[in-house]
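The values are calculated or read from the model by the stated rules, or taken from the named source; none is laboratory data. Owing to the predicted nature of the structure, the values given are computational and were not obtained by experimental measurement. Here Cβ is always computed from backbone atoms with ideal geometry, including for glycine, and neighbour counts include all displayed protein chains. Ligands, DNA and RNA are stripped out before the accessible areas are found, and what is left, the full protein with its side chains, is counted by its heavy atoms. Shrake-Rupley method; radii C 1.70, N 1.55, O 1.52, S 1.80 Å.
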Amino acid sequence: MQLQDILYSQGFGTRRVCAGLVQRGLVRLFDPKADAFSICADSSVDVTPDGLRFQVQEETWVYQPKAYVMLHKPSGTECSQKPSTYPSVYTLLPVPLRQRPCKSAIQGVQAVGRLDQDTTGLLLLSDDGQFIHRMSSPKKHVPKVYEVATKHPVSAVQISRLLEGVVLDDDPVAVKAAACVQTSDHGVSLTLTEGKYHQVKRMLAAVGNRVETLHRSRIGNLALPTDLAPGQWKWLDDNDLAALTS
Ligand code: URA
């Protein structure tokens with residue numbers, strides 16, 4: 001694959017921009033034998049993309065045919081590309097992830113579902129439409145675990161009701177938690193397999209309590225790593241991807 005096409009596929013700009021970056025000596029390829037990066041100024045040189053490590057100006061990148069990443073969403077950010085009030089989570093990602101070319105009209109990685117602006121925790125993003133569908137489709141029942149801090153003490157009756165199912169205002173079908181474990185006087189860990197609008201907040205309100213803080217800690221068997229600080233992102237590796245679907 002030509003070097004300019006590799007850069008283009010990874011989101012470093014149009015083919016013309018990518019060719020220019022290479023010709024201006026701004027691209028370095030990693031040579032495992034020399035254990036060092038060196039400038040490559042030939043934009044049409046044929047390079048094997050798999051496993052390729054390269055630098056574009058200050059950005060170090062590893063070629064990924066598809067992008068699968070997790071973000072520790074901080075509070076006070078919106079999952080929309082065009083936020084109304086708070087900064088978009090997309091501003092926390094490097095530019096190449098936001099402008100990877102896609103077959104669809106929308107460029108770059110897309111969030112897998114949405115979290116409220118004040119919710120923190122695990123958010124997945126990808127440019128793989130099938131993956132996004134698999135992870136967010138209500139029919140697939142991928143479990144998502146939320147750590148909830150509540151305004152009022154949690155009672156055994158509230159936990160039973162959350163497990164048995166509660167009716168939410170505009171929805172005649174009762175929704176229930178797949179699991180609900182009390183974690184403290186004012187805390188529960190709630191596992192949901194659907195993703196209705198404001199579902200956790202509405203379920204807690206339906207049982208007479210109120211969400212004070214909400215944090216998504218897990219999707220499938222993939223937990224948010226403790227060393228990923230709010231606002232940080234990382235690529236998903238093969239183990240992470242397997243954990244999502246196992
Ligand atoms: N349920 C909510 O109420 N809010 C979220 O952000 C996610 C689930």
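Computed from the Cα positions only, the extents of the chain along the three principal axes stand at 69, 35, 30 Å, in decreasing order. Computed with a 1.4 Å probe over protein heavy atoms only, the accessible surface of the range 139-197 comes to 58 Å² per residue. For the pair Val47 and Ala34, the difference between a 0.36 nm per residue extended length and the Cα-Cα distance amounts to 3.0 nm.
Comparing mean-square fluctuations of His72, His198, His141 from a GNM of the chain with C-alpha springs under 10 Å, the top value falls on His198. Near the amide H of Arg100, under 5 Å away, which other amide H atoms are found, from residues 5 or more places off or on another chain, if H is placed in the peptide plane? For Arg100, the qualifying residues are Gly108, Val109. Springs join every pair of Cα atoms under 10 Å in this Gaussian network model of the chain, and among Val109, Val47, Val200 the largest mean-square fluctuation is at Val47.
What is the sum of charges around Leu92, taking Lys and Arg as +1, Asp and Glu as -1, for the other residues whose C-beta is under 11 Å from the C-beta of Leu92?
On the way: positive: Lys73, Arg98; negative: none.
Residues near Leu92 contribute +2 overall.
Max-minus-min Cα coordinates of the range 1-140 on each principal axis give 46, 30, 30 Å, with the largest extent listed first. Projecting the Cα atoms of Pro83, Ala174, Leu3 onto the dipole axis of the chain, where Lys and Arg carry +1 and Asp and Glu carry -1 at the beta carbon, places Ala174 farthest toward the positive end.
Using mean Cβ contacts within 10 Å as the protection proxy, how do 117-124, 211-218 order, highest first? Before the final figure, lay out each step's value.
Working: 117-124: 21.0, 211-218: 17.9.
Going from most to least packed, we get 117-124, 211-218.
Each Lys and Arg adds +1 at its Cβ and each Asp and Glu adds -1 at its Cβ; summed about the Cα centre, the range 3-62 shows a dipole of about 180 debye. The number of Lys pairs in the chain with C-alpha atoms less than 20 Å apart, excluding pairs fewer than 8 positions apart on the same chain, is 18.
Find the relative contact order for the range 81-160 and round it to a whole percent, using C-alpha pairs within less than 8 Å whose residues are 6+ positions apart. Don't skip to the answer; put the middle values down first.
Working: 53 pairs, mean separation 13.1, N = 80.
So the answer I get is 16 percent.
Report the full-extension gain for the segment Glu59 to Tyr86: residue separation times 0.36 nm, less the Cα-Cα distance, to one decimal in nm. Don't jump to the answer; show the numbers that get you there.
Working: separation 27, 0.36 × 27 = 9.72 nm, distance 2.68 nm.
Net length gain for the segment: 7.0 nm.
Please label the shape of the range 119-238 as rounded, prolate or oblate, based on the square roots a ≥ b ≥ c of the eigenvalues of the alpha-carbon gyration tensor (a/c under 1.5 means rounded; beyond that, a/b larger than b/c means prolate, else oblate). Taking the square roots of the gyration eigenvalues as a ≥ b ≥ c, the range 119-238 is oblate. Accessible area of Met1 (1.4 Å probe, protein heavy atoms only, ligands and nucleic acids ignored): about 80 Å². Stretching Ala242 away from Arg134 to a fully extended chain increases their span by 37.6 nm, per 0.36 nm per residue minus the current alpha-carbon distance. Efficiency by 1/(1 + (r/R0)^6): what FRET value for His198 and Arg98, r their Cβ-Cβ distance, R0 = 30 Å, to the nearest 0.05? Calculated value: 0.65. For the chain, modelled as a GNM whose springs connect Cα atoms under 10 angstrom apart, the maximal fluctuation among Gly20, Gly231, Gly108 occurs at Gly20. Of the residues Val148, Phe37, Gln57, the one whose Cα sits farthest towards the positive end of the charge dipole of the chain is Val148 (charges of +1 on Lys and Arg Cβ, -1 on Asp and Glu Cβ, taken about the Cα centre).
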